[in-house]
1. Would you pick out the residues in region 81-100 that are out of contact with any Phe, Trp or Tyr (no Cβ under 7 Å at 6 or more places or on another chain) and closer than 16 Å to residue 124 by Cα?
2. How many of the residues making up region 114-143 are in a loop (DSSP other than H, G, I, E, B) and at pLDDT 85 or above?
3. If residue 30 satisfies every condition in (1) charged (D, E, K, R); (2) buried (at least 16 other Cβ atoms within 10 Å of the Cβ); (3) at pLDDT below 85 but one, which is the exception?
4. Test each condition in (1) over 14 Å from residue 43 (Cα atoms); (2) under 12 Å from the mean Cα position of the chain (by Cα); (3) β-branched (Val, Ile, Thr) for residue 66 and report the one that comes out false.
5. Take region 77-93 and flag every residue that is more than 20 Å from residue 49 (Cα to Cα) and of a type in the set (A, V, I, L, M, F, W, C).
6. Here is a list: 77, 8, 59, 52. Which entry is surrounded by 12 or more Cβ atoms within 10 Å (Cβ to Cβ), more than 15 Å from the chain's Cα centre (by Cα) and either modelled with pLDDT of 80 or more or assigned to a helix (DSSP H, G or I) (or both)?
7. I'd like the residue in region 94-123 that is surrounded by fewer than 18 Cβ atoms within 10 Å (Cβ to Cβ) and within 11 Å of the chain's Cα centre (by Cα) and, out of all such residues, is nearest to residue 52 (Cα to Cα).
Amino acid sequence: MVMVAWGLPPSPDGAVAQDAAASEEAEAARRVLVPPDALVALPRPFIARRQLNRLARALRRRGWTVDRRYAETCPMLRVFFPDMPCLGDSVTVAGGDGGWWYRSSTGELLAPCADMDLAVTQVTTALERWIAMARSSWGTDGA
């Protein structure tokens, strides 16, 4: 399945609207691939925030920095190592088989929300791998 996001249509003379507000909102139509097994059920914001708060507390206890982004349409956590804020992951909650799941920004299902230990392990393992790769490339000047 392919989801398509649309921008503003062209004006009658074929040109795209040029005012500042319209140009900020306008974006050419782009295709966003949605895998066939993607979960489409999103929880109510209250449920998502409650599950993400639980994960945030567990990750903070392990030394990770967590930035709650609940003003977004889909509540999420930005998780990163304090020494490397440029590397991180955004975790959301999605519905799936057996209940709610934590989902990475890559679309990967991390763990059921009911299994907090597995969720923390999955998030930290992925981030530690990225951080290790970044440190090794910095040591070799990216070569």
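1. Start the filter on region 81-100 by keeping residues that are out of contact with any Phe, Trp or Tyr (no Cβ under 7 Å at 6 or more places or on another chain), which leaves 82-86, 89-90, 92, 95-100.
Correct list: 82, 83, 84, 85, 86, 89, 90, 92.
2. The initial filter retains those residues of region 114-143 that are in a loop (DSSP other than H, G, I, E, B), namely 114-115, 140-143.
Going one step further and asking which of them are at pLDDT 85 or above, we end up with 114-115.
Of the residues in that region, 2 qualify.
3. Status for residue 30: all satisfied but (2).
4. (2)
5. Within region 77-93, the first condition is being more than 20 Å from residue 49 (Cα to Cα), and the residues that meet it are 81-87.
Result: 81, 84, 86, 87.
6. Working: 77 fails: more than 15 Å from the chain's Cα centre (by Cα); 8 fails: either modelled with pLDDT of 80 or more or assigned to a helix (DSSP H, G or I) (or both); 52 fails: more than 15 Å from the chain's Cα centre (by Cα).
Of the residues listed, the single one that is surrounded by 12 or more Cβ atoms within 10 Å (Cβ to Cβ), more than 15 Å from the chain's Cα centre (by Cα) and either modelled with pLDDT of 80 or more or assigned to a helix (DSSP H, G or I) (or both) is 59.
7. First, the residues of region 94-123 that are surrounded by fewer than 18 Cβ atoms within 10 Å (Cβ to Cβ): 95-99, 104-109, 112, 114-118, 121.
Those still in the list that are within 11 Å of the chain's Cα centre (by Cα) too: 104-108.
Numbers: 104: 12, 105: 14, 106: 17, 107: 16, 108: 16 Å.
This residue is 104.
The values are calculated or read from the model by the stated rules, or taken from the named source; none is laboratory data. Predicted, not measured: the structure shown is a model, and the values here were computed from it. Backbone-built Cβ (ideal geometry, glycine too); neighbour counts: all protein chains shown.
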